[in-house]
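The values are calculated or read from the model by the stated rules, or taken from the named source; none is laboratory data. Every value quoted in this text rests on a predicted model; they were computed, and no experiment measured them. Cβ coordinates were reconstructed from backbone atoms using ideal geometry, including for glycine residues, and neighbour counts include every protein chain displayed. These accessible areas exclude ligands, DNA and RNA; they are computed on the full protein's heavy atoms, side chains included. Shrake-Rupley method; radii C 1.70, N 1.55, O 1.52, S 1.80 Å.
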Amino acid sequence: MFNLPYIQPLFRPPSEWQSLILQVTNGCSYNQCTFCDMYTAPQKQFRAKKREDIAEELKAVAATGVSVQKVFLADGDAMTLPTRRLVEICELIRQYLPSVRRISSYCLPRNVKNKSVAELRTLAELGLTLVYVGCESGDDEVLAGINKGETFESSQAALLKLGEAGIKRSVMILNGMGGVERSHQHAMHSARLMNATQPEFLSTLVVSFPLGMARVVAGFGGRFTPLEVPHLIDEQGWLIGELVLERTVFRSDHASNYLVLKGTLGKDKAALLSQIDKARAGLVPLRAEWQRGL
């Protein structure tokens, strides 16, 4: 829709397909997770975009006359910017695109460690009301193995702080991230993290290794066996079976998933577990490999 000067590759959550993608940073400031190859290309070295460049892009979008409703702040780590810069960006969006009703961004737990609840609440008041938090797992052994730089406690603290500030949280857990060796504990502790924080949205993606999994295997000391499809479905069942959520929209409809599940937890928990049982019995169609992707 808009011919903006993106530095490719560019990623966004599936639910942001109708949003203006505003690239306010390039790459990821951390970029050390062993499973992630999204920002490893030479041109994706992290840097923040200048305020004047962001303003010019917003002016160009405004000049088209299109009524923009939602803006997603790319790349993978926009929330690492200081609150002052994020406030400036939100104010620029308000200035040039007054029709925008929601601003969203990816968010690492570490991004909010040094931001107060008051600062986050200010961002929410300016329209930044949804963040996609890649927790990946609630298990400390898995998190250490993938060099996430987070723990159960740091993830929990970030999610609770965001919730207190009035920012909705869409959490991502990676199905298969612990390998066969840690599958059950990965599911159990991920569920425990979700139960403790009650995010508004929860999605599961199946971990993929488009550039190979040598770094992941090395991170686990050579003890990492990728899960086959039946085991991925078992792990999904363990996770959902352990969840005690009050009002969380759940999705496993990302293109990486073999089994597509949609519901609200907890009211749809029994129905989701029934779908998993049917999948185990071969009564529910799964995505073929050619239908899957990142």
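So the values come out like this:
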| item | result |
| --- | --- |
| Checklist (1) at pLDDT below 95; (2) touching a helix residue (DSSP H, G or I) at 6+ places or on another chain (Cβ under 9 Å); (3) farther than 30 Å from Tyr39 by Cβ applied to Gly237, failing item | (1) |
| Residue in region 60-68 that is farther than 20 Å from Leu4 by Cα, out of contact with any His (no Cβ under 8 Å at 6 or more places or on another chain) and open to solvent by less than 40 Å² (accessible area, probe 1.4 Å) present | no |
| Any hit, region 182-199, residues being farther than 16 Å from Val142 by Cα, out of contact with any Leu (no Cβ under 7 Å at 6 or more places or on another chain) and of a type in the set (S, T, N, Q) | no |
| Residues satisfying the stated conditions in region 245-288, i.e. in a loop (DSSP other than H, G, I, E, B) and in contact with a helix residue (DSSP H, G or I) (Cβ under 8 Å, 6 or more places away or on another chain) | Leu245, Ser252, Asp253, His254, Ala255, Tyr258, Leu259, Leu261, Val284, Leu286 |
